[in-house]
């Protein structure tokens, strides 16, 4: 059965690497270069809070070829998908 992690559960490096599907080495590189999720040091131990992982994931840029502002505009209904696609076509032609 899968474990249930509450927002304040302290997770090990192994837990987090499995959750994010990255190697321990990648997670450790992110930590030392301040690119990964926030962590807690308990003496020599490194632990992660689930809410910190979730916040970090939500802060990452969205992919797919559209800039973040355009994606947000489509999601919020400010512009239709067709209007965004037209804008992208015009941007490509202009360059």
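The values are calculated or read from the model by the stated rules, or taken from the named source; none is laboratory data. Being a predicted model, the structure only gives us computed values, none of them experimental. Ideal geometry is used to build each Cβ from the backbone, glycine not excepted, and the neighbour counts take in all protein chains shown.
Of all the listed residues (5, 95), the sole one being out of contact with any strand residue (DSSP E or B) (no Cβ under 9 Å at 6 or more places or on another chain) and at pLDDT below 65 is 95. In the stretch 24-66, the qualifying residues are those that are surrounded by 14 or more Cβ atoms within 10 Å (Cβ to Cβ) and assigned to a loop (DSSP other than H, G, I, E, B), and the one that is modelled with the lowest pLDDT is 66.
Applying the condition of being outside any helix (DSSP H, G or I) and touching a strand residue (DSSP E or B) at 6+ places or on another chain (Cβ under 6 Å) to the stretch 9-23 and asking which residue is surrounded by the fewest Cβ atoms within 10 Å (Cβ to Cβ) yields 10.
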